[in-house]
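Structure, as structure tokens:
The values are calculated or read from the model by the stated rules, or taken from the named source; none is laboratory data. Just so we're clear, the structure is a prediction, and the values are computed from it rather than from any experiment. Neighbour counts run over all protein chains shown; Cβ positions are idealised from the backbone, glycine included. Surface accessibility is based on the protein's heavy atoms, side chains included, excluding ligands, DNA and RNA. Shrake-Rupley method; radii C 1.70, N 1.55, O 1.52, S 1.80 Å.
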Amino acid sequence: MTSTLDIKIEKTPKSRVTEYDINNVPFGKCFSDHMFVAEYSNGAWNKAYIAPYQDVPMSYAMSALHYGQAIFEGMKAYKNDKGEVSMFRPVENLKRMNKSAIRMAMPEVPQDLFMKGLNELLKLDSAWVPSSDTGSLYIRPFLIATDEAIGVKISDTYKFVIITCPAGKYYSEPIKVLVETNYFRAVHGGVGFVKAAGNYGRSLYPTKLAQQKGYQQVIWTDSETKLYFEESGTMNVMFFIGDTLLTPGLSDTILDGITRDSVLTLARDWGMKVEERKVSIKEVLEAQQNGTLKEVFGCGTAATIAQIIGIGHNGKDYMLPPVEERKFSTKVDETLRAIRKGRAEDRHHWMLKVG
Ligand code: PLP
Ligand code: COI
């Protein structure tokens, strides 16, 4: 699908970038100078523009607010040692966004509109891309239903917006996770395989309960048997047991993470044994007991690789090997960083230069 829309650009009269230490800002709270907006009505995308980042008037009756016809993506851009900006696998985010759009009965975003909008936005706001080793520009494309209507129906109008913010580490420390068997992130036939806004709203209460017990995140299990791991918080989850990297196989309850795919690709490049299949709580806890569980980590765009150092289950804490001993995830983390910073060969063509 293509679109021939021209993007009108209104530049900010004065950049705010010097007001922040962009190499040291909290995640998701400081937004760069511009935003990209495309508007959909009468069955077509018919307006696209970049404007200074700002609040906008919206109706309280807007359907996204009431019934959650809203989807989003999360991706990142990096600055290499020469100061050039590149995005990590942006087309994969577009593909997933459109998978989400179909499931939520929303219009797909044409590839050239998405890519042109991104490119122009990042060209304008390149000064906001951190140059530090662990820094990046977090990019948040989202699509919302904007009909002013309280009836439960598919909206006729939408806005597709991209905003960005400089980002450092999402988790400053390794995390402890609680196995959650009372509340579920996703169910078969539901929307767990897409990035629908409601998936995140429903996760907040169980996460709060886990945090009150001293864990940073939950590790979701399947709603049918409660015997298998699914994801951890907003990340896919991986286990290194014996000589095998294990991760739950994709299904309609698991988000098809781009970081997940990148980690699996690197592991296969390195000749490792990789299994994508159901991973049971029992086998992981047994491996912890018999000493074959070497690494557990979450992976996602915001967090990259988040080391999991403890798993709580049925009132007991299972402590995991120290991060310093985790050769695989450390190598993956370093390799991904090197590719993103232009210091290692990008053999899978993951980086797309802005310009
Ligand atoms: N799982 C969930 C529920 C997520 O929200 C995310 C974040 O996007 C991921 C997994 C990881 O996906 P990705 O690596 O594409 O960011
Ligand atoms: C991401 O990793 O991009 C996410 O979507 C996680 C979270 C910030 C919602």
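Could you go through the range 319-340 and let me know if any residue there is at pLDDT 95 or above and in a strand (DSSP E or B). Within the range 319-340, one or more residues are at pLDDT 95 or above and in a strand (DSSP E or B). Filtering the range 299-355 to residues that are in contact with a Gly (Cβ under 7 Å, 6 or more places away or on another chain) and hydrophobic (A, V, I, L, M, F, W, C) leaves Cys299, Ala302, Ala306, Ile308, Met319, Leu320. When the range 255-282 is limited to residues that are touching a strand residue (DSSP E or B) at 6+ places or on another chain (Cβ under 7 Å) and part of a helix (DSSP H, G or I), the one that is most open to solvent (accessible area, probe 1.4 Å) turns out to be Arg268.
Taken over the range 167-180, residues that are crowded, with 18+ Cβ neighbours inside 10 Å and away from ligand 2 (no atom under 16 Å from the Cβ) amount to 4.
Contact map, the range 193-213: residues that are open to solvent by less than 50 Å² (accessible area, probe 1.4 Å) paired with residues that are away from ligand 1 (no atom under 15 Å from the Cβ) and in a helix (DSSP H, G or I), Cβ distance under 8 Å, separation 6+ or inter-chain. Pairs shown: Ala197/Ala64. Has the range 181-192 got at least one residue that is more than 13 Å from ligand 2 (Cβ to nearest atom), open to solvent by 40 Å² or more (accessible area, probe 1.4 Å) and outside the structural domain of Glu324 (by TED's automatic domain parsing)? No.
So that you can scan it fast, the table gives a plain yes or no per residue for (1) basic (Lys, Arg); (2) open to solvent by less than 30 Å² (accessible area, probe 1.4 Å); (3) outside any helix (DSSP H, G or I):
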{"position": "Leu94", "(1), (2), (3)": "no, yes, no"}
{"position": "Met97", "(1), (2), (3)": "no, yes, no"}
{"position": "Pro107", "(1), (2), (3)": "no, yes, yes"}
{"position": "Phe114", "(1), (2), (3)": "no, yes, no"}
{"position": "Gly117", "(1), (2), (3)": "no, yes, no"}
{"position": "Glu120", "(1), (2), (3)": "no, no, no"}
{"position": "Pro130", "(1), (2), (3)": "no, yes, yes"}
{"position": "Thr134", "(1), (2), (3)": "no, no, yes"}
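Exactly one residue out of Ala44, Ala51, Ala70 is more than 16 Å from ligand 1 (Cβ to nearest atom) and surrounded by 15 or more Cβ atoms within 10 Å (Cβ to Cβ), and it is Ala51.
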